Each structure stands twice: as structure tokens, then as C-alpha cells.
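Okay, so here's the structure we're looking at.
The values are calculated or read from the model by the stated rules, or taken from the named source; none is laboratory data. Remember, it's a predicted structure, so these values are computed and weren't measured experimentally. All Cβ positions, glycine included, derive from the backbone under ideal geometry; neighbour counts span all protein chains shown.
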Amino acid sequence: MNAAEGLFWLARIWLIAGGLVAALFLTVGIDRIDEDARGAYVFRPLLIPGILLIWPLVLWRWWTLESGRFDPNSRYRPVRAAHGLVAIVLCIVVLGTIILGLSVRQHWPADVAPQRLTAFGEVSQ
């Protein structure tokens with residue numbers, strides 16, 4: 001199996017799992033966690049593409065709401081606490097990429113003569 005086949009295999013497994021989660025969540029789970037969704041069946045097919053892609057987040061969110069562990073006051077606290085660290089890491093990565101790119105720069109071989117390119121439609125002589 002080459003890399004492309006492996007990636008397609010992983011994508012297929014991911015989407016199959018997402019389809020199972022979407023079927024289960026849209027038939028059973030959404031009514032249990034969102035009272036506004038009870039009886040509203042027309043919008044549910046619109047959620048399928050999103051659930052196919054982010055099904056682990058849907059499962060985690062469903063589990064936290066079902067188990068009563070959801071605290072709306074602490075929802076964004078960990079994300080905001082990580083902003084400073086992420087900014088520092090991104091600065092280091094960008095600077096490292098620039099320095100690495102400048103240090104690994106290739107040099108043109110001196111013994112190769114340049115060739116003149118022709119415009120599109122012209123015939124070279």
C-alpha cells in the first residue's frame with residue numbers, strides 16, 4: 001500500500017465513523033441535548049456534512065451534555081489561557097522557518113550557461 005492508498009483508506013474509515021455518529025446523533029442524541037431541535041426534522045440533513053468531519057467533537061460534546069459535566073462559565077477559559085502560548089510558539093516557528101529557508105538556500109552552478117526563453121507562439125532558432 002502506498003501513501004495515497006493509505007490516506008484514502010484513513011479518509012474512508014473517518015467518514016464511515018462519521019456517518020455512524022451522524023445517524024445515531026441525528027436520530028437519538030439531538031433530541032436529548034437540544035430541546036429546540038425536538039420535532040424539527042427538516043434541518044437535520046444539513047448537519048450531516050459537518051458531523052462527518054468533526055464527529056469526535058460531536059461525541060465529546062454529546063457526552064459532556066448528557067453526563068451533566070458541562071459548565072457554561074468555563075467553556076472558553078482553557079482556550080483563552082492558551083492564546084499566549086500559541087502566539088509564542090507561532091513566532092518561534094515562523095522565525096525558525098525563515099532562518100532555515102535562508103540557510104539552506106541553493107546556489108546556481110557557475111558552469112551552466114543561461115538560455116533565453118521565447119514568448120508563447122514564437123519559434124526559437
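Kindly indicate whether Ala110 is modelled with pLDDT of 90 or more and either exposed (fewer than 10 other Cβ atoms within 10 Å of the Cβ) or in a helix (DSSP H, G or I) (or both). In short, no.
Is there a residue being at pLDDT below 80, out of contact with any Pro (no Cβ under 9 Å at 6 or more places or on another chain) and assigned by TED's automatic domain parsing to the domain that holds Trp60 anywhere in the range 1-11? The answer is yes; a qualifying residue exists. With the requirement that a residue be assigned to a helix (DSSP H, G or I) and among the small types (Gly, Ala, Ser), what does the range 58-72 give you? Matches in the range 58-72: Ser67 only. Residues in the range 42-77 that are loosely packed, with under 13 Cβ neighbours inside 10 Å and among the small types (Gly, Ala, Ser) were compared, and the one that is modelled with the lowest pLDDT is Ser74.
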